[in-house]
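Everything below concerns the one structure shown next.
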Amino acid sequence: MLTEDFTEKLKTLDEKNIVYTVDFTKTFGSKNNEKIACSKINFLAEKGNVTVLLGENGAGKSTLLKSLCGTQYETSGKISVLGETDFEKIRSITAFVPEIPVLDLNLTVKETVYIEGMIHGLKGKALKENADFAFEKSELKDVLNVKASALSKGFRQRLSLAKALSFNPEVLILDEFSGGLDPAQIQKMRNTIKKLAEEKAVILSTHNLNECENLSDKVYILHKGQTASCGTTEEICSQFSVKTLQEAFFKITSETKD
């Protein structure tokens with residue numbers, strides 16, 4: 001969508017319920033050796049929906065996600081998260097679940113989640129209620145006193161999600177969230193994410209087409225740092241005159257290869 005059309009669409013929406021970027025660009029390196037990770041991306045995610053970033057490795061998905069949760073600054077363009085543009089405020093209302101869990105292996109499951117909640121200013125009843133919410137959604141009640149070092153890869157991923165939910169953020173951002181989960185766990189986690197999206201803006205990245213089709217309300221296909229297509233699965237298939245998202249994805253990536 002052209003920037004002018006996109007900004008006109010934004011005017012019709014309540015900023016308190018949306019996450020968006022306008023012409024988001026992120027570069028790394030010096031001017032003589034500059035790498036463009038994302039280029040002029042117009043992105044929109046709404047509360048109540050699961051918005052999926054689909055793309056090959058290196059397409060720019062992780063860069064965009066990290067900027068949306070306030071851990072990376074844009075080189076140019078605008079980022080707004082539920083009406084907030086200050087990155088400190090953005091970090092207070094968003095949670096990021098990385099592809100590889102970042103955990104203190106010496107802490108138990110319970111300690112990990114409680115400490116994260118305290119970092120976000122929770123205490124007393126609110127701390128416990130939010131921790132219980134995180135344990136329930138991540139299905140960790142049976143391993144609360146187990147150290148992270150003793151958890152399997154799948155359980156560590158679930159603990160990473162619980163850590164993110166410890167303060168009940170309004171925006172949940174997941175980067176390749178299903179890594180390390182078995183098929184049964186993946187299905188349970190998908191159901192959890194759909195449930196969470198009823199009250200939050202949920203944004204996730206994947207290169208798994210099946211995962212994308214099963215979770216997404218809206219899809220952004222990124223390729224080489226740019227938006228190649230966006231819309232519902234049906235809209236993207238119609239745009240490229242194909243029957244499946246897989247066909248559309250392969251058509252997009254093959255047409256834009258050097």
Calculate what fraction, in whole %, of the accessible area of the stretch 102-174 sits on carbon and sulfur atoms when a 1.4 Å probe is rolled over the protein chains. 52
Output the direction-averaged projected area (hull surface divided by four) of the convex hull of the alpha-carbon atoms of the stretch 171-242, in nm². 5.4
Just want the answer: with Cβ charges of +1 for Lys and Arg and -1 for Asp and Glu, which residue in Ala164, Ala45, Leu140 is farthest toward the dipole's positive end in the chain? Leu140
Going by accessible area, probe 1.4 Å, with all protein chains left in place, what is the ranking of Ile115, Ile252, largest first? Ile115, Ile252
Based on Cα positions only, what radius of gyration and what Dmax would you give for the stretch 7-125, in angstroms? 16.6, 54
How large is the Kirkwood hydrodynamic radius of the stretch 104-247, in angstrom, based on all distinct alpha carbon pairs? 16.6
In whole Hz, with x marking every Gly and Pro, tabulate ³J(HN,Hα) for the stretch 100-112 from phi via Karplus 6.51 cos²θ - 1.76 cosθ + 1.60, θ = phi - 60°. 10, x, 10, 9, 7, 5, 7, 8, 7, 4, 5, 4, 4
Heavy-atom accessible area order for Met118, Met189, largest first, 1.4 Å probe: Met118, Met189
Protein-only accessible surface order, largest first, of His223, His207, His120 at 1.4 Å: His207, His120, His223
Given a 1.4 Å probe, how much area per residue of the stretch 93-138 is accessible, in Å²? 55
Counting Lys +1, Arg +1, Asp -1, Glu -1, what net charge surrounds Asn42 among other residues with beta carbon under 12 Å of its beta carbon? -1
From zero up to wherever the largest Cα-Cα distance of the chain sits, split into 10 Å bins and tell me the percent of pairs in each. 7, 30, 35, 21, 7, 0
Considering only the chain, what is the antiparallel percent among its DSSP beta bridges, to the nearest 5? 55
Gyration tensor verdict on the stretch 86-160 (Cα atoms; rounded if a/c is under 1.5, prolate if a/b is larger than b/c, oblate otherwise): oblate
Find out how many positive minus negative residues lie around Phe28, taking Lys and Arg as positive, Asp and Glu as negative, among other residues whose Cβ is under 14 Å from that of Phe28. +2
Over the chain: helical MRE at 222 nm, DSSP H runs n ≥ 4 each giving -39500 (n - 2.57), nearest 500: -11500 deg cm²/dmol
Heavy atoms of the protein only, probe of 1.4 Å, neighbouring chains included. What is the accessible area of Lys153 in Å², nearest 10? 150
Determine which lysines satisfy two conditions relative to Lys141: a Cα distance under 26 Å, and not lying fewer than 8 residues away in the same chain. Lys110, Lys123, Lys125, Lys128, Lys153, Lys163, Lys188, Lys194, Lys195, Lys200
Determine the per residue accessible area of the stretch 1-51 with all protein chains present and a 1.4 angstrom probe, expressed in square angstrom. 60
Net charge near Ser229 (other residues with Cβ under 10 Å of its Cβ; Lys, Arg +1; Asp, Glu -1) is 0
Of Asn208, Leu107, Gly83, farthest towards positive along the dipole that unit charges on Lys, Arg, Asp, Glu beta carbons give the chain: Leu107
May I ask for the longest run of the chain untouched by GluC sites (Glu not before Pro) that are loop-located per DSSP and have at most 12 neighbouring C-beta atoms (other than their own) within 10 Å? 35-197
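The values are calculated or read from the model by the stated rules, or taken from the named source; none is laboratory data. Predicted model, so just to flag it, every value in this text is computed and none were measured. Cβ: placed from backbone, ideal geometry, glycine included. Neighbour counts: every protein chain shown. Just the protein is used for accessible areas: all its heavy atoms, side chains included, with ligands, DNA and RNA removed. Shrake-Rupley method; radii C 1.70, N 1.55, O 1.52, S 1.80 Å.
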